[in-house]
Amino acid sequence: MNKTELIEHIAKQADISKAAATRALEALIGGVKTTLKKNGSVSLVGFGTFTVSKRAARAGRNPRTGASIKIKAAKVPKFRPGKALKDAVN
């Protein structure tokens with residue numbers, strides 16, 4: 001499912017227009033991004049938790065040249081599914 005299909009699904013399930021569904025989805029995504037930028041976490045009970053994790057600097061290799069390179073430390077978003085989501089998938 002891509003973003004357009006998700007918007008159509010939201011509009012149909014909530015009985016709202018596609019424009020309203022688009023605004024709702026964009027607001028949700030924006031809220032998650034803003035919270036994660038502040039190193040917060042977003043927990044949606046029954047769905048899962050979005051958090052920020054730190055990845056340490058490490059040595060890597062350029063696949064073209066084989067030269068050794070340094071990869072900088074980074075903050076990466078993580079998602080941990082909730083029990084209800086895991087149960088629904090299994």
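Here P81 passes the criteria (1) open to solvent by 90 Å² or more (accessible area, probe 1.4 Å); (2) closer than 22 Å to T34 by Cα except the one numbered (1).
Listed here are the residues, each with its yes/no results for (1) in a helix (DSSP H, G or I); (2) touching a strand residue (DSSP E or B) at 6+ places or on another chain (Cβ under 6 Å); (3) surrounded by 11 or more Cβ atoms within 10 Å (Cβ to Cβ).
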{"position": "A21", "(1), (2), (3)": "yes, no, yes"}
{"position": "V32", "(1), (2), (3)": "yes, yes, yes"}
{"position": "G40", "(1), (2), (3)": "no, no, yes"}
{"position": "S43", "(1), (2), (3)": "no, yes, yes"}
{"position": "P63", "(1), (2), (3)": "no, no, no"}
{"position": "D87", "(1), (2), (3)": "yes, no, no"}
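Has the stretch 52-65 got any residue that is of a type outside the set (F, W, Y) and under 22 Å from A88 (Cα atoms)? No; the residues of the stretch 52-65 include none that is of a type outside the set (F, W, Y) and under 22 Å from A88 (Cα atoms). Does the stretch 68-75 include one or more residues that are under 30 Å from A14 (Cβ atoms), surrounded by 10 or more Cβ atoms within 10 Å (Cβ to Cβ) and β-branched (V, I, T)? No - not one qualifying residue is present in the stretch 68-75. When the stretch 36-90 is filtered for residues that are in contact (Cβ under 8 Å) with a residue 40 or more places away in the chain and among the hydrophobic types (A, V, I, L, M, F, W, C), only L36 remains.
Among the residues of the stretch 13-21, is any among the polar types (S, T, N, Q) and closer than 29 Å to V89 by Cα? If you could, list the steps in order and put the result at the bottom.
Restricting attention to the stretch 13-21, the residues satisfying the condition of being among the polar types (S, T, N, Q) are 13, 17.
Okay, now just the ones that are also closer than 29 Å to V89 by Cα, so 13, 17.
Taking every residue of the stretch 13-21 in turn, at least one turns out to be among the polar types (S, T, N, Q) and closer than 29 Å to V89 by Cα.
The values are calculated or read from the model by the stated rules, or taken from the named source; none is laboratory data. These numbers were taken from a predicted model, which means no experiment stands behind them. Here Cβ is always computed from backbone atoms with ideal geometry, including for glycine, and neighbour counts include all displayed protein chains. Surface accessibility is based on the protein's heavy atoms, side chains included, excluding ligands, DNA and RNA. Shrake-Rupley method; radii C 1.70, N 1.55, O 1.52, S 1.80 Å.
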